[in-house]
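The values are calculated or read from the model by the stated rules, or taken from the named source; none is laboratory data. Here the structure is a predicted model, which is why all the values come from computation and not from measurement. Because the Cβ atoms are built from the backbone with ideal geometry, glycine has one as well, and the counts that use them run over all protein chains shown.
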């Protein structure tokens, strides 16, 4: 059924994900967990991947207690073998409609002190892992009825970041990859977009946001809404980009930062 046919059907819901098969990487906690929760509540069939198997198992149980069914896959996006296993699992369950690339790591260091090893670690997860997962699952997305790819960047995708030059370099690459992939896949009806979250309070960011009172004050003064975000603040953007509501949106980097980048 074409997009126009869907919209002419009585009762069409722009945010209904019922029956949509979704993979979320980096889903054990933080923004990835929030994305999975939101998509599941809108009817998506979830396959959640993460290298933190124990935490992922707890997350799947918690989702189940809240009425969201999900299947876990313990995997590392840096492992070609693990990615191949993920591909086989999705193919065996009927294919894939939506891929959400949330797996990522962060690193902070003064530019003069950062090492090549630091850059390599960030690159292997934030960009290479995302690339490998996406390429492996692309055939299933292209064969579907208008697939969606949602990548997770950061403010580093669009702005410079203090003590995070290497990290920002990887997230800048995510933004350019997102837009270039959108160019390649548009003719197949696949939408490719990225979310660039601002300062979101998670386990990964907690030390940076709370560890220095003066820095925290300066940061909050720049955020127009006057507070750091929570993973829940990003949920709606994931739903929008996954749902039919965004079927004519591709190649975009959507910044969700409380106004940090506005001035």
Scanning the stretch 114-151 residue by residue, those closer than 14 Å to residue 181 by Cβ and in contact with a strand residue (DSSP E or B) (Cβ under 8 Å, 6 or more places away or on another chain) turn out to be 130, 133, 134, 137, 141, 147, 148, 149, 150, 151
What residue, among those in the stretch 240-263 that are in a helix (DSSP H, G or I) and touching a strand residue (DSSP E or B) at 6+ places or on another chain (Cβ under 6 Å), is nearest to residue 98 (Cα to Cα)?
-> 242
For residue 239, work out the one condition from (1) at pLDDT 95 or above; (2) more than 16 Å from the chain's Cα centre (by Cα); (3) farther than 24 Å from residue 107 by Cα it doesn't fulfil.
-> (2)
Only one of 194, 232, 245 is surrounded by 17 or more Cβ atoms within 10 Å (Cβ to Cβ), within 30 Å of residue 146 (Cα to Cα) and either in contact with a helix residue (DSSP H, G or I) (Cβ under 7 Å, 6 or more places away or on another chain) or at pLDDT 95 or above (or both); which?
-> 194
Scan the stretch 148-157 for residues that are touching a helix residue (DSSP H, G or I) at 6+ places or on another chain (Cβ under 6 Å) and outside any loop (DSSP other than H, G, I, E, B) and report the count.
-> 5
Check the stretch 105-113 and report whether any residue there is out of contact with any helix residue (DSSP H, G or I) (no Cβ under 9 Å at 6 or more places or on another chain), surrounded by fewer than 22 Cβ atoms within 10 Å (Cβ to Cβ), in contact (Cβ under 8 Å) with a residue 60 or more places away in the chain and more than 19 Å from residue 255 (Cα to Cα).
-> no
